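A.B. asks: I'd like to ask some things about the structure below.
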Amino acid sequence: MSQLMRRDLGHLSPAIWPGSAEVAQASPGRRSAFTLTEISIVVALIGLLTTIAIPHFARARVSSQRNTCISNLRQIDNAVQTWALEARRSPQSPVEFKDIAPFLKRQVVCPAGGRTFDESYLITTVAAPPECRRQELGHALPARSESRGWRTDPRGRLLPGNPL
């Protein structure tokens, strides 16, 4: 009976049936391979996982670009305020990129578009917050808090921020 079972299950690997050397000899040309059904199931699962994952990757990319741009806007705003404090400029003073470039640690461009600072950001005056030219994507600096407003010193001059 065991010989009959071994002959009927001859397509299985010899490692499954100990001492089944005759099974391996009975079908020497047969190789194990995946069936068409198994391959189609794997392809369907990969396709399903891809349709789930791609929108998440796209959302993560957009979110990362927005967060990086807002971080750049904060860095630009800090550079403008530092420049205004060191140069003793009023809140209405115009600002250009060449004024704040020494205060920026690296090249600042919007990751969602733009190759240069001028293509990415807009700065006008010391009091106005910097703007991203891609605001339609949500790249906007949050509103300034009371602590970031202008104050006057004892002589009546306007200074940025709160006293220490």
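A.B. asks: If a residue must be modelled with pLDDT under 90 and assigned to a helix (DSSP H, G or I), how many such residues does segment 23-42 contain?
C.D. replies: 4
A.B. asks: Which numbered condition trips up E96, out of (1) over 16 Å from Q75 (Cα atoms); (2) surrounded by fewer than 17 Cβ atoms within 10 Å (Cβ to Cβ); (3) in contact (Cβ under 8 Å) with a residue 24 or more places away in the chain; (4) charged (D, E, K, R)?
C.D. replies: Every condition holds for E96 apart from (1).
A.B. asks: Cβ-Cβ distance below 8 Å, separation of 6 or more or different chains: which pairs start in segment 52-75 with a residue that is more than 17 Å from E136 (Cα to Cα) and touching a residue at least 40 places away in the same chain (Cβ under 8 Å) and end on one that is surrounded by 10 or more Cβ atoms within 10 Å (Cβ to Cβ) and hydrophobic (A, V, I, L, M, F, W, C)?
C.D. replies: R74/L141
A.B. asks: Next question, about the same structure. For segment 92-103, name all the residues that are more than 24 Å from L137 (Cα to Cα) and of a type outside the set (G, A, S).
C.D. replies: Hits for segment 92-103 are Q92, P94, V95, E96, K98, D99, I100, P102, F103.
A.B. asks: Of everything in segment 64-93 that's under 14 Å from G113 (Cα atoms) and among the hydroxyl-bearing types (S, T, Y), which residue is surrounded by the fewest Cβ atoms within 10 Å (Cβ to Cβ)?
C.D. replies: In this case the residue turns out to be S64.
This table checks each residue for (1) out of contact with any strand residue (DSSP E or B) (no Cβ under 9 Å at 6 or more places or on another chain); (2) of a type in the set (A, V, I, L, M, F, W, C); (3) more than 23 Å from P142 (Cβ to Cβ).
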{"position": "L85", "(1), (2), (3)": "no, yes, no"}
{"position": "S90", "(1), (2), (3)": "no, no, yes"}
{"position": "R106", "(1), (2), (3)": "yes, no, no"}
{"position": "T116", "(1), (2), (3)": "yes, no, yes"}
{"position": "S120", "(1), (2), (3)": "no, no, no"}
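Residue by residue, here is whether (1) β-branched (V, I, T); (2) modelled with pLDDT of 80 or more; (3) assigned to a loop (DSSP other than H, G, I, E, B) holds:
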residue: A127; (1), (2), (3): no, yes, yes
residue: H139; (1), (2), (3): no, yes, yes
residue: A143; (1), (2), (3): no, no, yes
residue: S147; (1), (2), (3): no, no, no
residue: P154; (1), (2), (3): no, no, yes
residue: L164; (1), (2), (3): no, no, yes
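A.B. asks: Still on this structure, please answer the following. Taking segment 36-63, which residues are surrounded by 12 or more Cβ atoms within 10 Å (Cβ to Cβ) and within 15 Å of the chain's Cα centre (by Cα)?
C.D. replies: Within segment 36-63, R61, V62 meet the criteria.
The values are calculated or read from the model by the stated rules, or taken from the named source; none is laboratory data. Here the structure is a predicted model, which is why all the values come from computation and not from measurement. Methodologically, a virtual Cβ is constructed for each residue, glycine included, from the backbone with ideal geometry; neighbour enumeration extends over all protein chains shown.
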